[in-house]
Amino acid sequence: MASGTMRFYSVCRSGQTNVRYVIPNDLMEEMKVGNPHYERPMKTLILLHGFSGNESDWQFNGVAEDIAFRYNMAVFMPDGGNNFYLDRESSSAKYGTYVGKELVDYVRKTFGLSDKREDTFIGGLSMGGFGALHTALAFPETFAGAVALSSALVIHELREMKEGDANMLANMAYYKEVFGDMKTAHTTDKNPEVLFDSIVKAGGVMPRIYMACGTEDFLYNNNIQFRDFVAAHRRPQDDFLYEEGPGIHEWRFWNEYIFRGMDWILS
């Protein structure tokens with residue numbers, strides 16, 4: 001199992017960026033016996049951290065090595081800062097394009113990974129859950145599926161915020177920097193619902209989507225709202241699964257449900 005941190009120059013971010021990686025490239029043959037995931041080429045998973053996190057979270061708090069080993073996946077964990085993995089107007093702050101295109105292209109070329117859609121996935125927790133949903137829906141031709149845990153789907157709350165207001169994640173000034181006009185952000189392509197609807201209306205291919213949230217999580221109602229939106233707008237061919245269980249906004253929940261999500265999305 002190869003693991004480490006790599007740095008490369010990102011055009012989207014106008015500077016060097018850090019990415020943790022785990023690649024199950026040197027397992028002994030007996031470790032693969034009985035595992036059907038080793039009967040096909042290695043797949044790729046982009047795994048996103050949450051608000052105030054960094055590229056090391058899924059490796060040191062989470063189960064990145066177990067994911068790589070169990071599913072024969074090269075796992076890449078970028079540092080996305082506190083940017084919701086969205087493009088801003090600044091030419092050095094294209095965080096959505098960085099994750100959805102530049103990083104994917106870079107790791108495919110550098111590590112000789114498959115460039116097929118069916119071999120490319122994305123996942124994340126909290127802000128990274130939002131990022132996984134948004135990125136998969138913004139680049140549906142790249143990602144076959146997304147695993148979104150306790151997703152920070154706060155975009156509908158923004159239009160109600162006033163100067164000085166804050167929620168569990170950040171204050172109004174921060175959200176204005178990330179999402180732009182607070183009153184209209186929910187109508188733009190920064191809203192995963194808008195992207196989902198656009199794919200449906202265009203008759204495009206939809207990534208498989210797995211969502212999960214703890215019933216005691218402060219983002220529970222936000223996730224229920226998105227679940228209900230998908231239920232009302234999806235087509236018969238659109239694969240979507242939502243699960244929930246006891247849990248707050250914590251690694252115990254995420255480290256359990258990431259495997260449930262990966263099992264389903266790779267089935």
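Derivation of every value follows stated rules applied to the coordinates shown; laboratory data play no part. Being a predicted model, the structure only gives us computed values, none of them experimental. Cβ coordinates were reconstructed from backbone atoms using ideal geometry, including for glycine residues, and neighbour counts include every protein chain displayed.
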Mean projected area (nm²) from the convex hull of Cα positions in segment 64-156 is 6.5 nm²
Rounded to the nearest 5, the percent of DSSP beta bridges in the chain running antiparallel is 40 percent
Note: D228 to N25 extended length (0.36 nm per residue) minus current alpha-carbon separation gives 69.1 nm
Listed by chain and number, the lysines with an alpha carbon less than 27 angstrom from that of K43, same-chain partners under 8 positions apart left out, are K32, K94, K101, K109, K116
Tilt, helix 192-202 to longest principal axis of the chain (alpha-carbon atoms), in degrees rounded to tens, equals 80 degrees
Any aspartates and glutamates whose Cα falls less than 13 Å from that of K162, other than same-chain ones fewer than 8 residues away, would be D181
What one gets for segment 10-117 as the Kirkwood radius, inverse of mean 1/r over different Cα pairs in Å, is 14.8 Å
Rounded to the nearest 0.05, FRET efficiency between S52 and E141 (Cβ-Cβ, R0 35 Å) equals 0.65
In nm, the gap between the two label points placed 7 Å beyond Cα toward Cβ at E160 and E216 is 2.4 nm
Here the FRET efficiency for K32 versus V205, based on Cβ atoms and R0 = 25 Å and rounded to 0.05, is 0.20
Rounded to the angstrom and largest first, Cα extents along the principal axes for the chain equal 59, 41, 37
Ranked output for segments 230-243, 102-115 by mean other Cβ atoms within 10 Å, highest leading, reads 102-115, 230-243
Residue-ordered couplings for segment 84-89, obtained by feeding phi - 60° into the Karplus form 6.51 cos²θ - 1.76 cosθ + 1.60 and rounding to whole Hz (Gly and Pro as x), are 6, 6, 10, 6, 9, 5
